2 protein chains.
Amino acid sequence: MQNEKFKIENEKIRKMHSMKHSQLFTKTRKENPADEVSRNAQLLIRASFIHKEMAGVYTFLPLGLRVLQKIENIIREEMNRIGGQEVFLTALQNPELWQTTDRWSDDVVDNWFKTTLKNGTELGLGFTHEEAITAMMKQHIASYRDLPVYAYQIQTKFRNEERAKSGIMRGREFLMKDLYSFNATQEELDTFYERCAEAYIKIFSRVGIGARTFKTFASGGVFSKYSHEFQTVSDAGEDTIYLSRKKGIAINEEVYTDEVLADLGLQKEELERVTSIEVGNIFKLGTRFSEALGLTYKDENGTARPVIMGSYGIGPSRLLGTIVEVLSDEKGIVWPESVAPFQVHLLSLGADTEANEWYEKLQTAGIETLFDDRDTSAGEKFGDSDLLGIPYRLVISKRSLGKGGAEVKRRTESESKIMSFEEVMNFLS
Amino acid sequence: MQNEKFKIENEKIRKMHSMKHSQLFTKTRKENPADEVSRNAQLLIRASFIHKEMAGVYTFLPLGLRVLQKIENIIREEMNRIGGQEVFLTALQNPELWQTTDRWSDDVVDNWFKTTLKNGTELGLGFTHEEAITAMMKQHIASYRDLPVYAYQIQTKFRNEERAKSGIMRGREFLMKDLYSFNATQEELDTFYERCAEAYIKIFSRVGIGARTFKTFASGGVFSKYSHEFQTVSDAGEDTIYLSRKKGIAINEEVYTDEVLADLGLQKEELERVTSIEVGNIFKLGTRFSEALGLTYKDENGTARPVIMGSYGIGPSRLLGTIVEVLSDEKGIVWPESVAPFQVHLLSLGADTEANEWYEKLQTAGIETLFDDRDTSAGEKFGDSDLLGIPYRLVISKRSLGKGGAEVKRRTESESKIMSFEEVMNFLS
């Protein structure tokens, strides 16, 4: 019976995964929006994946939301795999907590958005959640037996950026996956930190930017010499790193000193200076927050000790923008299969009946398909197909049918090939 | 190959759906929190489904988030079924749009949260999204051929409530599903409005409060005589309605006049005065927003006409609170199967090896199971089981095994029964 339920669920999911273009309310644009300088925003707005509300503030439209949700689910899977438990904290922040850690004042943190309750109390809009989650954990962590704890969320953050010109890569409002680790010992933290770094590498690889994303040494804090960033090589980035592609590591310019080079056993000559996008960061917080907010645990001897923490961030919306920046070409977006809104873009060129049959069969086979059933020109359909960036294009026309099937082309290639439905199925698998 | 993918996906989902209690970081509490007066917040905090950040501002903990996501997915399915396309708008709101519709001033809308950009520009935090989505649709709707459009989102809203004492039923920050309809004609709007009302009835029924939830006539606006609310009968509500259980309809006190009674063909004598919780509302907006913001379409003759709109809201977090209010008993929460965090609560009472085997088998069968494998007393396990409210409790002890299996009990019943694994499978289906 439960298996039956799963089957029905599957059937529903499959149906929902496909769509006719004529049903989609969004329209693509021929021209880049005049008020955007970043490539990610230009392409995503032209293709109608996002809509600009204000500088640095973007709405996700149906196709954009599909990509975003796929990215989120990949992150979720990898966070669950390393023991993360999902929670959902609040945007509104209690000033008392932030005063305790000395991060409330605008002189200390200069990108707060603040708002006011009717009784005059000022509240913050969270740009991160160390304070809130540390205070919350006081309800749940008392003894060494309660540790370790790994909790994460995917939630909207707010940052009052002075300027916002990088499209969805640096928004005033954006999605963040932030995981917080709570351990009894430094060794346990160190082990989890490495596991999380590996999970991050896996995430960047799964979303298609693994080959150009590098673990990068960045400035640490009181509790660790370095933190680590994950930097994707791209001219659109705001960071500068010194990279050894051979060794697969990099140093952020901010800590690029002779001392650090010596420490890491790297020579200046083997490093390449490149511009990059920070797509993730991991940080050993030590007892900075647990001491300030009083999060302690009793060890085996009953002695109270501060919990040792770490924080681990990836911005799903920034990741989406990064994928567009590094993988698109002059014709439009190029989505990796793992995050593409659909796997197949089926175009009918004057063969609607047959294309409809293919559409039905593709759905039954569980292939996510966008079916361009619109009554428009071939040129418009091809142009939109390149712009939208779906991995496989299948064109059904009288000509293709005469030759034995659909004209099949990868988005990344220029040559197409005629294939029967069975050949398409083999090709896709 | 795609089918293979689905199979693997299923396997992953099943595994993720089950959990050992010893892994869960949250702890239940024996006492109600002193600072909460509402039953939903008291129980949800004691059971550790939510955490209170501030009055009216709650974090969702792992079990609470599971329930919330199930509610969201039921809503999503029903909205997709009536043609809704999911989007994700922003919290930050552009004042210009709201000035155009005369809803920016705090004299007109008294529950705005506002914040300020570094350049001094005031922004709002959205409590609803008519303005934003109407302005956005100007990019996508030009002709009658582009209509109808139905777009919805599940997104965080902010309301600067003077007081917040109803737990998660009236938050300062809360989740909302808001759908907006865009039609060419009044007839088309009227038809969709009824379809959406039916979808709402289905949602309330699916989440387990259908029998006590009633479509209720409420005040309309310039464009329609009435709007409709969906009111769940409960003493915890803030609304008063006049209800005919027999006819399955109600009138909100705010429009309870002789004229309205006559209009609806109802007699005072057949109506019962009850307190209720507003769990949904649907509203014909007409051209209020499209005229103000210039959202027009060209009809068949090329004449520009304002688009006719409607808005349709359900708060998933309020719905969660309502389920707790109306279904819980003196021992704790009682979740309907459709939204329960797990289907089965498996308790090991000194028979860990055998309970572990049952846990493995339940997972393989695709049953979402919380396995209480903790090293605590039977009393604590039973108490927590009643508090958490999982629909089916399976107790494995030497005694139960001696009698042939697990001691099985529904959360809603007091009698238990010994069942073999096969009998449990039949019982659950």
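Quick notes
- One residue stands out in the range A:27-74 among those that are charged (D, E, K, R) and more than 10 Å from every other protein chain (Cβ to nearest Cβ): the one that is farthest from A:Lys381 (Cα to Cα), namely A:Glu72.
- Residue check: B:Ile323 meets all listed conditions (1) assigned to a strand (DSSP E or B); (2) crowded, with 21+ Cβ neighbours inside 10 Å but one, namely (1).
- A:Glu77 being more than 10 Å from chain B (Cβ to nearest Cβ), outside any loop (DSSP other than H, G, I, E, B) and closer than 30 Å to A:Leu147 by Cα: no
- A:Val109 under 22 Å from A:Arg206 (Cα atoms), more than 9 Å from chain B (Cβ to nearest Cβ) and touching a residue at least 12 places away in the same chain (Cβ under 8 Å): no
- Residues in the range B:136-145 that are more than 10 Å from chain A (Cβ to nearest Cβ), in contact with a strand residue (DSSP E or B) (Cβ under 8 Å, 6 or more places away or on another chain) and not in a strand (DSSP E or B): 1 in all.
- Count of residues meeting criterion [over 25 Å from the mean Cα position of the chain (by Cα) and more than 15 Å from A:Val344 (Cβ to Cβ)] in the range A:383-396: 1
So that you can scan it fast, the table gives a plain yes or no per residue for (1) assigned to a loop (DSSP other than H, G, I, E, B); (2) at pLDDT below 95:
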| residue | (1), (2) |
| --- | --- |
| B:Lys27 | yes, no |
| B:Lys30 | yes, yes |
| B:Leu43 | no, no |
| B:Ser48 | yes, no |
| B:Tyr58 | no, no |
| B:Val67 | no, no |
| B:Trp98 | no, no |
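- Of all residues in the range B:15-40, those that are in contact (Cβ under 8 Å) with a residue 60 or more places away in the chain and more than 27 Å from B:Phe371 (Cβ to Cβ) have Cβ atoms under 6 Å from Cβ atoms of residues that are in a loop (DSSP other than H, G, I, E, B) and not basic (Lys, Arg), 6 or more apart or on another chain, in B:Ser38/B:Ser166.
- Residue satisfying condition, being within 13 Å of chain B (Cβ to nearest Cβ) and not acidic (Asp, Glu), within set A:Tyr180, A:Tyr200: A:Tyr180
- Yes/no for A:Asn119 being facing chain B (nearest Cβ under 9 Å), assigned to a helix (DSSP H, G or I) and either at pLDDT 95 or above or on the phi < 0 side of the Ramachandran plot (or both): no
- Checked against the criterion of being free of Cβ contacts under 8 Å to residues at least 60 places away in the same chain and buried (at least 22 other Cβ atoms within 10 Å of the Cβ), the range A:164-172 contains not a single residue that satisfies it.
- Qualifying positions in the range B:401-423 - free of Cβ contacts under 8 Å to residues at least 40 places away in the same chain, assigned to a helix (DSSP H, G or I) and either surrounded by 15 or more Cβ atoms within 10 Å (Cβ to Cβ) or within 14 Å of chain A (Cβ to nearest Cβ) (or both): B:Glu422, B:Glu423
- Entirely in the range A:192-281, the strands (runs of 3 or more DSSP E) that have 1 or more residues that are charged (D, E, K, R) and within 17 Å of the chain's Cα centre (by Cα): A:213-221, A:224-233
- Per this entry, A:Leu370 is not counted among residues that are in contact with a Ser or Thr (Cβ under 7 Å, 6 or more places away or on another chain), crowded, with 24+ Cβ neighbours inside 10 Å and under 21 Å from A:Glu422 (Cα atoms).
- The residues on offer are A:Lys361, A:Lys398, and the sole one that is more than 18 Å from A:Gln23 (Cα to Cα), in contact with a helix residue (DSSP H, G or I) (Cβ under 7 Å, 6 or more places away or on another chain), in contact (Cβ under 8 Å) with a residue 40 or more places away in the chain and basic (Lys, Arg) is A:Lys361.
- Scope the range B:146-168; condition of a type in the set (Val, Ile, Thr), part of a strand (DSSP E or B) and either closer than 22 Å to A:Leu175 by Cβ or in contact with a Lys or Arg (Cβ under 9 Å, 6 or more places away or on another chain) (or both); matching residues: B:Ile154, B:Thr156
- Checking A:Thr128 against (1) more than 10 Å from chain B (Cβ to nearest Cβ); (2) assigned to a helix (DSSP H, G or I), the condition it does not meet: (2)
The values are calculated or read from the model by the stated rules, or taken from the named source; none is laboratory data. Everything quoted here is computed from the prediction, not taken from an experiment. Backbone-built Cβ (ideal geometry, glycine too); neighbour counts: all protein chains shown.
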